[in-house]
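For reference, the structure is listed below as structure tokens.
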Amino acid sequence: MEKTKSQFLVLGAGVGGICSAIDLAETGYSVTLVEKGPRTGGIMPQLDHQFPDDHCGMCRMLPMVDREPGAQTCLKRGLSHPNIRILTHTTLTDLSGNPGDYTAVLTSVSRGVDALRCTRCMACIDVCPVSVLDAFNDRAGDRNAIYQPFFGNPEALPTIDWDNCTRCGECAQACPNSAIDLERVELTESVAPVSGVIVAGGNPLYDPAVTDLYGYGVLPNVVTATAFERILSGSGPFRGQPVRPSDGHPIRRVAWIQCVGSRNVMIGAGHCSSTCCMFAVKEALLAKKTLGSDTDTTIFYMDMRTYGRDSQRYRDRAEEESGVRFIRCRIHSVDPADDPGDLKLTYLDDLGQPGEATFDMVVLSTGAGVQKELPPLLADKTDQGAVVTIGPEAGLQDIRETVLRAHGAVSSLLEKLNMDSRAKTIPKTGRAGDKSVNRFMQQPVIQVLVLDNGVVKAPQVEWPAIEGRLERSPGNIFVNRLSIIDGKDLSLELETVLKETRGNRLLVVSNHIAGYRATLTKRFEEAGFSAPLVEWVDLNRNDVSMGTETIQPDAAMKPIQVALMRLLHKRPSRGMAQVVENSALVIGAGPAGLSAAVSLAEQGVVVHLVEKEISIGGNGPRIQDEHQRRPIDQLIVRAKGHPNISIHTGATLGALSGRPGHFEGWVVKENMEIPLSFGAAIIATGGTPAITEAYGMGKHPPLVSHFDFEKKVLDPRFAEDTLNTVVMIQCAGSREEPRNYCSRTCCVKALDNALRVRQLFPHARIVIFYRDIMTYGKSEELYAKARTRRIRFIPFNKSKPPVVRTEGDTVVVDGFDPVMGEAVHLKADWVSLAVGMVPKPIHDLCRLLEVPVTPDGFVHEADAKWRPVDTINPGVFVCGLAKGPLRADEAVAEGTAAALRALRLLNRTELAPQRHSAVVRHAICSRCYLCVDSCPYGARFVEPVLGQVEVDPVACQGCGTCASVCPNSATVMGENEDFTVMNVIEAALM
Amino acid sequence: MIVEFENTLNTPDAVRAFLKRLLDDALADAVLTAFASPHSPLPMPTLMIDSQLLDRAVPLAPAAPLNTARMAARVLSKDIGKRIAVVLRPCEIRALIEMEKLSQCTLDPAILISMDCFGRMENDRYLELAATQDDPESAFYATPDLQEAVCPSCRACLRFIPENVDVTLCLAGQSDKKGVTLVSGSLKGEKVLKKLGGTSTDLPLGRQADIDRIMARRQTHREEMTTGAAARMADMAVFQQTIANCLNCYNCRVACPVCYCKECVFVTDVFAHRPEILMGRAMKKGAVKIPTDTTMFHLTRMAHIAHACVGCGQCSSVCPSSIPVADLFITVSEKVQEHYGYIPGQDPQRPWPFLVVETDKQVE
Amino acid sequence: MEKWHPEFFDRYETATVFDLLIEYLKSGRIRVDKSVNNVRAAYHDPCNYGRKSQELFGHGYFDEPRWVMDQCMSDWVDLFPSRGNQYCCGGGGGTLLTPFKDERTHYGRKKIEQIRRTGVGTIVVPCHSCHGQIKAIAAAYDMPDLTVKYLWEVVADALVIDPD
């Protein structure tokens, strides 16, 4: 891609920074990625494994389409992209100017080691006398004043920690290449023009040394969660042979204490850090994997916030299959036990009985620390729109949220700066791509254009006879006749036929084409019928007409049959680039879909917004809270008025063919079929409240869903009734098989409802039965508030839920309160059930788009953490409820993110086939098709005419699975064929 | 459903009559079975439309010059709207089911017929038998000694009772009886037997005892075979000695019913070494045997199809150097199939094991 | 006092025992000899002087007594946890005066454990309630030889008394 003059600054090279930098770079912009520390990667190099598959996965953020093979590196070690310049040891010291045209001053500190001379022999590190606690291992180990920033990257240059370096000079002496310069030098650089800045500084974790109740810093076997992962890591202080820090004993019993530094009003940290519950479960599983499956792992928690779509099952499996123990009790303090090094925790169990347990190690699940304030340099520019932060104000975010926010930040930056990204990429090949590649992959459908040239007097042709024979020929053939008469303008007729035709190949038959050929060729080209897809039969040739005035049907059919055969059996030339259409199809006009559509439209993309219902807005108009609903209403207005958006209501996607970059489909509306072509599709089909019979819902009027209850509470007449008792039961029919996922929004809604009821009825009894209150992030404050307003919370396990019964006309809820140690029987005026959300049925649509579906019926995204709005199909994206339960504002944010991802594809004019893609040698292929299913990227398909296996060179990632499955190497990897590799192996081994 | 058929005829004739009825009653449009042509008593798989010609079919002949599953796969590679009754040995049936998993054939139009298999003799031995006996089929089933004269893989075969077929021809426990007992194994088979008529009956009394007797004998043979073969593959040196006379003629591969590649990789450019490569190898070691990749071929073939080997023994039958290829493959595939819990031909829905990716499983 | 009788402060100055001791020591009005107190001891922060003071008056007396300890003893340790997170002895709130002896003893279990863990023979407390409580329950927890001293006792023990 060409570099452009304007550039962006991204501050911070962690997950958010790297993601934004790649997004910007792939969209065609130059980026300077500034990192104040000695390495890139943020916290990721410190953590080996992530949910859900307990592998790393950071490299999944690398571009997959139109990728530069040399840039495919492990993102923990570095980042290499032609559009990204990385500066470590650097900070932004000044920013002046106007949005879109800033001048930035960057100040770099020397690392003390010369990149050109250092051979990574590490002699300097060996002789350094200074030893400090290593922040990389979160103080679970030491390092020297000269050190390697990331042990797992042997290529990394050592760097000098100037604050701790005593300038003794031992390292400089020990260095064989004089690569060390002990003078700390600061260099400044001015960068201009900078169009915008993304601040991705990240969020520091809470330092538990501040509170000594847990013994951190006093008791050696009490560590932070990060330190624990470092201890288990192969690159950590124990190099993969983890033992207890105090005495080197094996680690057999580990406890996690949740909510350290969070949900703690006493220290002014009333928020929830959102991520700690999940990472504690992950670490428990990691401990079992690394230390042995009989390792005793116990998590002490208040609420297990497993609110992600697949998180509940992950937690259940940890508990039920792997034996991780969960004890609902907030630990007060960690005491030393009798044996030195052992740690003792005192707790209360589910029935309120005290218990004591001894552990080898205690892990403190530390969440977000004190939020860093933006320096004034940046803070006073954020409202201009060209300095955007990846939300530290939202608290600690996990990888998925960070990636989504990065996408959103880039999108809003581009939108605000009104930059038309399409102009940025210029095809390198210089050869325009061809739409025909696509159409050759379809079952041939021939559109015959009969051009009855009335201008010439001879020869005459009996068109009806010929048309009749054509229509009876085998195969899909459509015939349209156009008459060329003096002065008649064909263009409108022609355009209509070409637009509405179902054909993907053209056969032009005329009694005399001659002068029209050039114009027609151009017209056909514009309509997507490029030269290889068109055949011409001019009957005014001597061998056909043979000089007669009238051409017999038999004679005419001969050349027509020949041309037909050619069209039916022609194969495309190989290695042609795929043209990209600068248009998108958005399926679903709810909050997510509207957001995606508007984002794309603002970037100059033509958007077809298809909505099944008669009106647009999805669940938006059903939002009761006006404050929450307003942004959706605004989106509706913007979408309706935007010149780049065409809205089709009462419509669905009928058929689809083509490949990413150029799809062709039919939108079905009533009995009309509208053909569309588009470069990418975004699924935003949304969801609805679940229907459940749990607790007898639907049988008694007082039992309502929490959505219905909200409506009632907001109705002004509600306040006029008397009300004694409201009972709410969370997770109704939810978070248990078969619908075993958290719907994420119900707890907040229940709390909102409860607080509203409290306000209207100060003396009513309000009881909420819950399993875990999922108020993550800032919404934790709502939970705290509810408790101060005398709303009673009673926890229950899914094996012993409350029971709803009737006594005459009254509904009674029976339960057990473990805090009071007594049974409760509540005669309720209302029982509000948190029923959760389910996705709209989308199996057919997903089959059409070649996108997998989760067992719960949600669209399966490409990667839950690293590619949350992509799907495995490089041309299809997904956002909103279709993918998993979330709030409306989160859906809007996802829509923007999905739009940005689609933009990365759509801003190219063509997609060239990539290096390291699979190639099929059809002559020896046995058509067993094992390779088609084995492709993890869905990049192989069977073309319908010859049953051959074809590879989509855009989707193919060169993983080689197909080649390893194929027994006779009928499919091979370009550049790495069998005999190449075999000879390389021979040279190495023999 | 179990039906006794034509109890006045001897068993081979009864089977022929059954096949004729299939054509005459339009239960099938064609029959693929062993047929002794006018030119030689060695039966070849033949696709028959004319039921008269079925008089010369020898479906029970203890001979199989090639694995009929390959031929059946060709005839059934596409559904052309014709029902084809195929008569195959149990091992051939298993191979055919594996072929369907590889999209090489479709079994929807087929009526699969198989029999309790007492084994096949090598071609020359069968020709000897056919020269001295008018009715080699009956002679074979009546003479236990002859049943020991079958090829080594058959002597060691434990899966000689058909599975996943539409109709089984019961031969075990039937040696002194007339007619043939037909057992349906599917709805399709049941429909055929219903239309055929014949008396409903039970399985022949002596069948299980006969099966047990044969099984016991075969288990002994099998253990001998696998122990012997394992010794001949004890390490690379021993293995190379075992296959020392291999010419890379690839007969074994051609004969194998589950080696399905249209063009084996060993005859493509991948192994067509250029002179520089051959010279290079020769220079490194001092000398190189040509053809190269002999050991490589056998090991690769094992890696590719050991999990699907049906033990038909055709590979040994066709080897011009008399290498006991079948012994080696049967021994290795036993281990591989045990490891995956995969029996070829047993479950038409189960894909080949190396294509199955299991997520969510912690590897110990 | 400040709230209800502000006039009191016209005539009288108030000071805590800590302020007083510190002033006396710093001004040289009294002198101490550390070597007299050659036992190993631990210091306990009472709730009222510590946490409660912090909450009510914005200042908890954590550093002051420790400075005094430093003057009077060379071998003394902090309990763990300490300062604002110090475990309560269990004898406050008037429990010493009630007949709930068993309960009071139970409340003090964590305190005794803390002391036992340090292995010291002497615990120094600046609060009479803590003094009474710890002394009373030590025997019940199998530490009958535990010496409980007031902070000012420790000062007194180390006082250098001029013969004249």
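Select from the stretch A:828-844 the residues that are on the phi < 0 side of the Ramachandran plot, part of a loop (DSSP other than H, G, I, E, B) and touching a Lys or Arg at 6+ places or on another chain (Cβ under 9 Å) and list them in ascending order. Across the stretch A:828-844, the qualifying residues are A:Ala834, A:Lys840. Once the stretch B:151-173 is narrowed to residues that are open to solvent by less than 10 Å² (accessible area, probe 1.4 Å) and touching a Lys or Arg at 6+ places or on another chain (Cβ under 7 Å), the residue that is modelled with the lowest pLDDT is B:Ala172. Taking the criterion of being open to solvent by 10 Å² or more (accessible area, probe 1.4 Å), polar (S, T, N, Q), part of a loop (DSSP other than H, G, I, E, B) and closer than 30 Å to A:Val878 by Cα, the residues of the stretch A:678-735 that qualify are A:Thr685, A:Thr692. Please tell me if C:Ile137 is closer than 30 Å to C:Arg31 by Cα and either charged (D, E, K, R) or buried (at least 19 other Cβ atoms within 10 Å of the Cβ) (or both). For C:Ile137, the condition - closer than 30 Å to C:Arg31 by Cα and either charged (D, E, K, R) or buried (at least 19 other Cβ atoms within 10 Å of the Cβ) (or both) - is not met.
Inspection of the stretch A:263-281 identifies no residue that is at pLDDT 90 or above, open to solvent by less than 30 Å² (accessible area, probe 1.4 Å) and over 23 Å from A:Ser779 (Cβ atoms). Does B:Ala216 meet the test of being within 14 Å of another protein chain (Cβ to nearest Cβ), of a type outside the set (Ser, Thr, Tyr) and open to solvent by less than 60 Å² (accessible area, probe 1.4 Å)? For B:Ala216, the condition - within 14 Å of another protein chain (Cβ to nearest Cβ), of a type outside the set (Ser, Thr, Tyr) and open to solvent by less than 60 Å² (accessible area, probe 1.4 Å) - is not met. Taken together, the residues in the stretch A:473-515 that are under 23 Å from A:Asp543 (Cβ atoms), of a type in the set (A, V, I, L, M, F, W, C) and buried (at least 19 other Cβ atoms within 10 Å of the Cβ) amount to 4.
Just so you know, in the stretch A:146-170 the residues that are more than 22 Å from A:Ala13 (Cα to Cα) and in contact with a Leu (Cβ under 8 Å, 6 or more places away or on another chain) include one that is most open to solvent (accessible area, probe 1.4 Å), and it is A:Arg167. Specify the residue that is farthest from C:Ala42 (Cα to Cα); the eligible residues are those in the stretch C:83-122 that are within 14 Å of chain A (Cβ to nearest Cβ) and among the β-branched types (Val, Ile, Thr). Per the stated criteria, the residue is C:Ile112.
Residue pairs whose Cβ atoms lie under 7 Å apart, separated by 6 or more positions or on different chains, with the first residue in the stretch B:246-272 and closer than 27 Å to B:Glu122 by Cβ and the second open to solvent by 60 Å² or more (accessible area, probe 1.4 Å) and assigned to a helix (DSSP H, G or I), are B:Pro257/B:Arg70.
Filtering the stretch B:228-240 to residues that are free of Cβ contacts under 8 Å to residues at least 24 places away in the same chain, surrounded by 11 or more Cβ atoms within 10 Å (Cβ to Cβ) and not small (Gly, Ala, Ser) leaves only B:Val238. Within the stretch A:516-535, the set of residues being acidic (Asp, Glu) and surrounded by 18 or more Cβ atoms within 10 Å (Cβ to Cβ) comprises just one member, A:Glu535. Note on the stretch B:254-355: enclosed helices (runs of 4 or more DSSP H) holding 3 or more residues that are away from chain A (no Cβ under 11 Å), touching a Cys at 6+ places or on another chain (Cβ under 9 Å) and closer than 25 Å to B:Glu223 by Cβ are B:314-318, B:325-340. Among the residues of the stretch A:89-117, those that are surrounded by 14 or more Cβ atoms within 10 Å (Cβ to Cβ), out of contact with any Leu (no Cβ under 6 Å at 6 or more places or on another chain) and closer than 19 Å to A:Leu182 by Cβ comprise A:His89, A:Val109, A:Ser110, A:Arg111, A:Gly112, A:Asp114. Taking the stretch C:65-164 and the helices (runs of 4 or more DSSP H) fully enclosed by it, the elements with 3 or more residues that are in contact with a helix residue (DSSP H, G or I) (Cβ under 6 Å, 6 or more places away or on another chain) and of a type outside the set (S, T, N, Q) are at C:151-158. Residues in the stretch A:873-908 that are charged (D, E, K, R) and in contact with a strand residue (DSSP E or B) (Cβ under 9 Å, 6 or more places away or on another chain): A:Lys883, A:Glu894, A:Arg901.
Scanning the stretch A:47-79 for residues that are small (Gly, Ala, Ser) and open to solvent by 50 Å² or more (accessible area, probe 1.4 Å) yields one hit, A:Gly70. If the condition is being within 18 Å of the chain's Cα centre (by Cα), under 18 Å from C:Thr95 (Cα atoms) and of a type in the set (Gly, Ala, Ser), then the stretch C:115-164 contributes C:Ser129, C:Gly132, C:Ala136, C:Ala138. Could you please find all residues in the stretch A:198-228 being more than 26 Å from the chain's Cα centre (by Cα) and assigned to a loop (DSSP other than H, G, I, E, B)? The answer is A:Tyr206, A:Asp207, A:Thr211, A:Gly215, A:Gly217, A:Val218, A:Pro220, A:Asn221.
Filter the stretch B:50-97 down to the residues that are surrounded by fewer than 24 Cβ atoms within 10 Å (Cβ to Cβ), of a type in the set (Asp, Glu) and part of a helix (DSSP H, G or I) and list them by number. Within the stretch B:50-97, just B:Asp55 meets the criteria. Look at the stretch A:201-215: where a residue is away from every other protein chain (no Cβ under 14 Å) and polar (S, T, N, Q) and a partner is open to solvent by less than 50 Å² (accessible area, probe 1.4 Å) and not in a loop (DSSP other than H, G, I, E, B), sitting 6+ places away or on another chain with Cβ atoms under 8 Å, you get A:Asn203/A:Ala368; A:Asn203/A:Pro392. When A:Thr358 is tested against (1) in a strand (DSSP E or B); (2) at pLDDT 95 or above; (3) buried (at least 18 other Cβ atoms within 10 Å of the Cβ), just one condition goes unmet, and that condition is (3).
Please return the ranges of strands (runs of 3 or more DSSP E) entirely within the stretch A:874-990 where 3 or more residues are away from chain B (no Cβ under 14 Å).
Per the criteria, A:876-878.
The criterion of being away from every other protein chain (no Cβ under 14 Å), assigned to a loop (DSSP other than H, G, I, E, B) and crowded, with 22+ Cβ neighbours inside 10 Å holds for A:Val851. Scan the stretch B:194-225 residue by residue and report those that are of a type outside the set (A, V, I, L, M) and more than 19 Å from B:Glu148 (Cβ to Cβ). The answer is B:Lys194, B:Lys195, B:Gly197, B:Gly198, B:Thr199, B:Ser200, B:Thr201, B:Asp202, B:Pro204, B:Gly206, B:Arg207, B:Gln208. The set of residues in the stretch A:854-873 being outside any loop (DSSP other than H, G, I, E, B) and open to solvent by less than 10 Å² (accessible area, probe 1.4 Å) consists of A:Val859, A:Asp870. Filtered by the rule that a residue be within 14 Å of A:Arg305 (Cβ to Cβ) and in a helix (DSSP H, G or I), the stretch A:256-285 gives A:Cys276, A:Cys277, A:Met278, A:Phe279, A:Ala280, A:Val281, A:Lys282.
The values are calculated or read from the model by the stated rules, or taken from the named source; none is laboratory data. Note that this is a predicted model, so its numbers are computed, not measured. No Cβ is skipped: glycine too gets one built from the backbone with ideal geometry, and neighbour counts run over all protein chains shown. Protein only, heavy atoms only, side chains kept; ligands, DNA and RNA dropped before computing areas. Shrake-Rupley method; radii C 1.70, N 1.55, O 1.52, S 1.80 Å.
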